[in-house]
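I have placed the structure first, in the form of structure tokens, so that the comments after it can refer back to it.
Rule-based calculations on the coordinates, nothing more; no lab input. Here the structure is a predicted model, which is why all the values come from computation and not from measurement. Heads up, the Cβs are rebuilt from the backbone with ideal geometry, glycines too, and the neighbour counts pull from every protein chain shown.
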Protein chains: 2
Amino acid sequence: MSAYQLLQQRFKRIGTLAGAQSMLHWDMATMMPSGGSGARAEQLATLEVLQHELLTAPETGDLLEQAQQEPLDHWQAANLREMLRSHRSATAVPPELVEALTKACRRCEMLWREARKNDDFAAVRPALAEVIARVRESAAARGAALGLTPYDALLEQYQPGLRAARVESLFAPLRTALPELIEGALAAQAARPTPLVPQGPFPQAAQEALARNLMERLGFPFDQGRLDTSLHPFSGGTPDDLRITTRWDEADYSSAIMGVLHETGHALYEAGLPRDWRLQPVGEARGMAVHESQSLLVEMQACRSRAFLAYLAPLLAQHFGADPAWKPENLYRLATRVERGFIRVDADEVTYPAHVLLRYELEPALLSGDLPLADLPGAWREQARALVGAVPPGDGFGCLQDIHWYDGAFGYFPTYTLGAMTAAQLYRAAVESDAAIPDALEQGDFTPLLAWMRREIHARASLLEWEELVETATGRPLDPEIYLDHLRQRYLG
Amino acid sequence: MSAYQLLQQRFKRIGTLAGAQSMLHWDMATMMPSGGSGARAEQLATLEVLQHELLTAPETGDLLEQAQQEPLDHWQAANLREMLRSHRSATAVPPELVEALTKACRRCEMLWREARKNDDFAAVRPALAEVIARVRESAAARGAALGLTPYDALLEQYQPGLRAARVESLFAPLRTALPELIEGALAAQAARPTPLVPQGPFPQAAQEALARNLMERLGFPFDQGRLDTSLHPFSGGTPDDLRITTRWDEADYSSAIMGVLHETGHALYEAGLPRDWRLQPVGEARGMAVHESQSLLVEMQACRSRAFLAYLAPLLAQHFGADPAWKPENLYRLATRVERGFIRVDADEVTYPAHVLLRYELEPALLSGDLPLADLPGAWREQARALVGAVPPGDGFGCLQDIHWYDGAFGYFPTYTLGAMTAAQLYRAAVESDAAIPDALEQGDFTPLLAWMRREIHARASLLEWEELVETATGRPLDPEIYLDHLRQRYLG
């Protein structure tokens, strides 16, 4: 067997263990009784360690050396590139540091839950300082091994190929345009009649029936996936066994339904990855920004369009009973309402990127030490005023609102907005390529859109670097102006 | 670290992987969409291989050598004994043979499903011949390594410490007594009025509510376990995350309810294993016969007693509505009905051991070759006539009814009846030790019985060999006469 073939076997085992881990994660969030948490943590940690051992083993390094001398086709070469990427990243950080970081995160995350409830940043500050210290060390180690700056090494973890300089060039136009855009959207909204709010309650069973109905329309394969309930919605499982979750609020049908559409977008990406490359690095999704683009393409681009809402209106009446709010134009106004709020996860499409910019302003400074932790709450309020136009009343609505930093996830926030930007560009290209897409959405038919997504994104998995993937699919480099155009058209038009 | 401590770490990892595997098995039977089966098979196989690699690694052998020179306390020494047992058993069979056996079983099991449906033994005979050939080889290899006859090596897999000579001495009195006992039970039954059969349907929701209610009475810890639905009821998961399943039949409440009581008995055993020895070999249940004794102690000894049925009667009325059949004495007659049937899993308490004897008559002869496979259907009918008193109309009701042989499980059947025998002896000892047990059952209070089971069986895990465990708990060696006494008292009295 060639070195490359031996690597394929080895990475198949790693991928299989990752799949097992993903199923156990799903179970933990949906099914597991509380008493199982200790045993489950042990199982997840063991599966993690085994993957890490296989990935960093000296034999893996030797085989990677040898395989580079072997003749490989296009996909195999890309697979080898991704294997090398994983191996280098995993070997870059010494195991003691990995463990110290994991421990610091676990401790900090627990304190954060209380701190957020109590609006008490001081209570979690020392633990966060410890997390930042460990993230800094591991980013430095990873950067040294990969020839990247520490912050680039963090971005690389979430979106391979992403660099801070590129984020800056993509975000700069947003930073300039957004304040005016938000202002304009609010003015345009004020000039229109206030949309009618549908009167609940919306029984969970009816919401669930509607959600499943829409998932089917979207092409979610129920013979290789499930919908369940969890505290925090997510899309998990494996490409052949997709597990998406949501939570139900009988006072507000839209949070669950839009959440399901979002997670279905993620799941469809996984389902569409090439069968021939299952369990191999090149067969995996191309990073978090691309993943988010697939969920937002479904949720934001397709499902908040006038076309789709015209299809949705009678379905809502059918599931929840008659309500004067179930008029397509009224639904569109509801789905595109803009508000300067404090909370990112509740934000609308226009203010959301402002929330991300806020975090992106502070994150590198926290890591470099330019922004002392004691100044974080103040800096947050300042940026919130400048970017979002809403100053949180307490840190629970401010710098304590997101789990990410407290769990060590630095470098992750930019992918949300890069995903939104990518989604806008992909949707435009899809419609340019197949003008029937919007008409089909009006009939609740996602087939043409999904066919395009599958062909241009899903089937390519990690064959290309992420910006190559976007350029190949859309015919041009990622362009923030397309995203801004989309927002202007929808919110100022 | 001492060699023993290093072994503890190694076996903790093995135990953790086994736990992960168990959860994924549960998911496969209860939650998994059909499309996930390929990926799941891969996950389960990988977890299996990893455990096998850890168990058979040369370092494991070296550490086991060294640890035998180290000072160990009572429990540690027993743990080392069980580690050695697993290691020897796993290293005894060459990996190629393990794989050949697995493949033969997988193929045979698939053919068996069709063959059973079609009453067509010939269709599966060549595949079964292949399974038997591979079982024979692996039993010979295991026997050679362990100093056991091949059949003893098979028994050892399911009930460590069990030998054919001992099975023979325990089964001989049954073989003598059972025909008369069955005859007598049928005669006694014929002399009594026919019991009233309760009129369904019994809605699934009501059955489920009753099942959960009874599980709570039994002491099933719902904060560390769940009840779900699967095609074949089982008890799985891990001691801190117990997963039991049942299936619901709205025409017959008793199959689901008695099934749940049975599986709860298994689960309580797991839950009661000593916390200090989690994930270590000595902390595991003491074999299949002992496991079955815990389920039958609950289902057969406790829950088919007059005392418990007096408690159950009003509960049935409460959950399913009034029915003249809900009288304690009538319920007792229903719960102790005897019938010469064809199918083991549907058999009553008296004919069940006859079904097991039948299989135990044939199994060693099949393996030795004394019974040619072509003669199996005829031999089955002959034994069924002699032992059960009912000749199956076709092989689907005869030698094709059980999955075990077709899946390579030779040496397993005896543990059912040894479990029943053990349960009878344990229950008698429990009541001798605490006379309050039957009165408590009449109040639906399992606390005194469970306390005894926990102290005498669960807490001891695999500290003792299985017959030592029975003798320690009951003050005498396992005695088939106690089991026969129980049957005579209940069915002839």
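The residues neighbouring residue B:201, those whose beta-carbon lies less than 10 Å from its own, together hold a net charge of -3 under the Lys/Arg +1, Asp/Glu -1 convention.
Other residues with beta-carbon under 10 Å from the beta-carbon of residue B:280 carry, at +1 per Lys or Arg and -1 per Asp or Glu, a net charge of -1. Rounded to the nearest 20 debye, the dipole size of the range A:371-493 about its Cα centre is 180 debye, using +1 on the Cβ of Lys and Arg and -1 on the Cβ of Asp and Glu.
How large is the charge dipole for the range B:150-264, taken about the Cα centre, if only the Cβ atoms of Lys, Arg (+1) and Asp, Glu (-1) carry charge, to the nearest 20 debye?
Details: 9 positive and 15 negative charges, 48 e Å.
The calculation lands at about 240 debye.
In this structure the amide hydrogen of residue B:390, modeled in the peptide plane, comes within under 5 Å of the amide hydrogens of B:385, none closer than 5 places in sequence on its chain.
Other residues lying with their Cβ under 12 Å from the Cβ of residue A:417 contribute a combined charge of +1, Lys and Arg counting +1, Asp and Glu -1. In terms of its alpha-carbon gyration tensor, the range B:137-263 comes out oblate; a/c meets the 1.5 threshold, while b/c is at least as large as a/b. Rounded to whole numbers, the Karplus 3J(HN,Hα) couplings from phi for the range B:141-156 are 5, 5, x, 4, 6, 9, x, 10, 5, x, 5, 4, 5, 6, 4, 4 Hz, using 6.51 cos²θ - 1.76 cosθ + 1.60 with θ = phi - 60°, and x at Gly and Pro. Database remark: amide H of residue B:252 closer than 5 angstrom to the amide H of B:202 (H placed geometrically; neighbours at sequence offset of 5 or more, or on other chains; Pro and chain starts carry no H). Scanning residues 5 or more positions from residue A:243 or on other chains, those with amide H under 5 Å from its amide H are A:226, A:236, A:237, A:238, with H placed 1.01 Å from N in the peptide plane. For the range B:163-258, the relative contact order works out to 24 percent when only alpha carbon pairs closer than 8 Å and six or more residues apart are counted. With its label point defined 7 Å out from Cα along the Cα-to-Cβ axis, residue B:118 lies at 7.1 nm from the matching points of the other copies, in increasing order. Each residue of the range A:447-461 was assigned a 3J(HN,Hα) from its phi angle through the Karplus expression (A = 6.51, B = -1.76, C = 1.60, θ = phi - 60°), giving 3, x, 5, 5, 4, 5, 4, 4, 5, 7, 10, 4, 5, 8, 6 Hz with x at Gly and Pro. Per-residue Karplus couplings for the range A:302-318, computed as 6.51 cos²θ - 1.76 cosθ + 1.60 with θ equal to phi - 60°, are listed in order as 7, 7, 9, 7, 4, 4, 5, 5, 5, 6, 5, 3, x, 5, 5, 4, 5 Hz, Gly and Pro entered as x.
Straight-line cross-link reach from residue B:327 at under 15 Å between alpha-carbon atoms covers these aspartates and glutamates, not counting any fewer than eight positions away in the same chain: B:442.
Mind checking which lysines have their Cα closer than 28 Å to the Cα of residue B:103? Skip sequence neighbours fewer than 8 apart in that chain. In chain and number order, the partners are A:12, B:117. In the range B:1-71, taking the dipole from charged Cβ atoms about the Cα centre, the farthest positive-side position among B:32, B:3, B:66 is held by B:32.
Percent relative contact order of chain B, based on C-alpha pairs within less than 8 angstrom and at least six residues apart? Intermediate values should be presented prior to the final figure.
Details: 697 pairs, mean separation 97.6, N = 493.
Across chain B, relative contact order equals 20 percent.
Here the dipole of chain B is about 340 debye; that uses its Cα centre as origin and unit charges on the Cβ of Lys and Arg (positive) and Asp and Glu (negative). I need the shape label for the range B:159-493. Rule: rounded when a/c is under 1.5, else prolate if a/b > b/c, else oblate, with a, b, c from the alpha carbon gyration tensor. It comes out rounded by the Cα gyration axes. From the square roots a ≥ b ≥ c of the eigenvalues of the alpha-carbon gyration tensor of the protein assembly as shown, which class results: rounded (a/c under 1.5), prolate (a/b over b/c), or oblate? In terms of gyration-tensor shape, prolate.
Annotation for residue B:69, label-to-label distances across the other copies: 4.3 nm (shortest first, one decimal, point 7 Å from Cα along Cα→Cβ). Of the residues B:408, B:458, B:179, the one whose Cα sits farthest towards the positive end of the charge dipole of chain B is B:179 (charges of +1 on Lys and Arg Cβ, -1 on Asp and Glu Cβ, taken about the Cα centre). For chain A, the 222 nm mean residue ellipticity estimated from helices alone, with every DSSP H stretch of n ≥ 4 adding -39500 (n - 2.57) and the total spread over all residues, rounds to -21000 deg cm²/dmol. DSSP beta bridges fully contained in the range A:203-315 are about 45 percent antiparallel. Starting from the label point of residue B:464 at 7 Å along Cα→Cβ, the same points in the other copies fall at 7.1 nm, in ascending order. Candidates A:421, A:289, A:335 compared by Cα position along the dipole of the range A:158-493: farthest toward the positive end lies A:335, with charges placed on Cβ.
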